[in-house]
Amino acid sequence: MAILWTSLFDVAAQNKTGVWYGAIVFEPDGFREMDTESRIKVDAQAGRIINVPPIYAGSMSLSKSGTFIKAKLEIIDTANQMMAVLTTFSADQKKLSAYLFYLSATPTQKYNYYGKAVRCLVNETDHTPSLFDIHGNFNFTDSSITFSGIWESPFGKSMLGKFSFQPSMQTVSINPELLIDWNDALHVLPAITQIENFIPSTINYDTLLTRSFYIDFSITETGVLDHDTLSVWLDGQLLEDHLVLTDKKHDFRVNITSKDYHQLTIRTNSEGAIAGNGYLLSIATKENVYKYNIVQYRYNQSDWFFHKVGSRERSN
């Protein structure tokens, strides 16, 4: 683990590309400083938060106006130009919001990096703030790396709160359409033909165990609305063909019968104007809600298997 962390530190000191986990605090009535010692501990190998006090477990009130919210920040750093996607989660993990930022260096100011809000990608959560900007510093010590700072309204520059993140070893899964749009504007990314290698396709093959009699799932576009399409299959039968992705949810329900298992397959057609696509898949069972941020290219597919509790195990 020491070797792994040292490697992470060396890379992060030069290039910020990666998945960062942490929390943001909302204090509209005036915020106080966060603790200088980060309470967020990240398992670098597993890429998840560990040993997190209850205050970071989801969303928890600090005062009449203050709230901590667990969040994830995915950063692409190329030629000192950065793009980031910030995702925040509700306390029960059932809802989320995602925002796109373009980051630039501001070395002569208190906060050395400024993130300009570009747009909201996903908004499942009620009463989330409109677009906001962020100002922060990357802090390197012998034992930790953090990205921390403030977030504020882009209108009137009123401060809304603070944030703090630490890096993990997870792979970035930003929609390639967003990267190509960014490249068109700033000319900082590899050629379009290299985007697929820059951000690998998501490979998914999950099995979910449930007591539910049905599964609800929804699909939402998380990138450019360029008429990308998907096909949705259930147990080998075509459920939906040429489903056009939009920023509105497409809702489905799968009945769980006495069959040993059910297989959900989503195949990407990627017929839009920009190569590749990305979408958010939300699967709700009786016990839990699962969120999948999927990045795919033409003819890629992902699969999920649903098992009823007590049914016979699926053989591979």
Per DSSP, loop chymotrypsin sites (Phe, Trp or Tyr not before Pro) in region 131-202 with at most 13 further Cβ within 10 Å: Phe155
Give me a comma-separated list of calculated 3J(HN,Hα) values for region 108-116, in order, Karplus coefficients 6.51, -1.76, 1.60 applied at θ = phi - 60°, integers in Hz, x for any Gly or Pro. 8, 9, 4, 9, 6, 9, 10, x, 8
Once the piece of chain linking Thr246 and Lys116 is laid out straight, how much longer is it, given 0.36 nm per residue of separation minus the C-alpha distance between them? 44.4 nm
Hand me the chymotrypsin sites (Phe, Trp or Tyr not before Pro) from region 276-309 located in a DSSP loop with no more than 11 other Cβ atoms within 10 Å, in residue order please. Tyr299
Using the Karplus equation 6.51 cos²θ - 1.76 cosθ + 1.60 (θ = phi - 60°), what ³J(HN,Hα) coupling, rounded to whole Hz, does each residue of region 154-171 give in order, writing x for Gly and Pro? x, 10, x, 6, 7, 6, 9, x, 10, 9, 8, 10, 10, x, 10, 9, 5, 8
Would you pull out the residues with amide H under 5 Å of Thr246's amide H, same chain only if 5 or more places away, H placed 1.01 Å from N? Glu221
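By how many nm would the segment from Thr171 to His227 lengthen if fully extended, with 0.36 nm per residue of separation less the alpha-carbon distance? Present the calculation step by step, with values, prior to reporting the outcome.
Numbers: separation 56, 0.36 × 56 = 20.16 nm, distance 2.64 nm.
Length difference between fully extended and current span is 17.5 nm.
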Quickly work out the Arg298-to-Asn197 label distance, labels modelled 7 Å from Cα along the C-beta direction, and quote it in nm with one decimal. 1.9
Note, region 287-304: 3J(HN,Hα) by Karplus (6.51, -1.76, 1.60, θ = phi - 60°), whole Hz, Gly/Pro = x, goes 9, 7, 10, 10, 10, 10, 9, 9, 10, 9, 10, 4, 6, 6, 8, 10, 10, 10
Förster radius 45 Å - calculated FRET efficiency between His187 and Asp126, Cβ distance, rounded to 0.05: 0.70
Using a Förster distance of 41 Å, the FRET efficiency for Asn139-Asn288 (Cβ separation, nearest 0.05): 0.70
Of the cross-linked pairs Lys70/Lys291; Lys16/Lys249; Lys16/Lys94; Lys116/Lys157; Lys70/Lys110; Lys110/Lys157, which ones have a Cα-Cα span greater than 21 Å in the structure shown? Lys16/Lys249; Lys16/Lys94; Lys70/Lys110
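No lab work stands behind these numbers, since they all come straight from the coordinates. These numbers were taken from a predicted model, which means no experiment stands behind them. For neighbour counting, all protein chains shown are included, and Cβ atoms are generated from backbone atoms with ideal geometry for every residue, glycine included.
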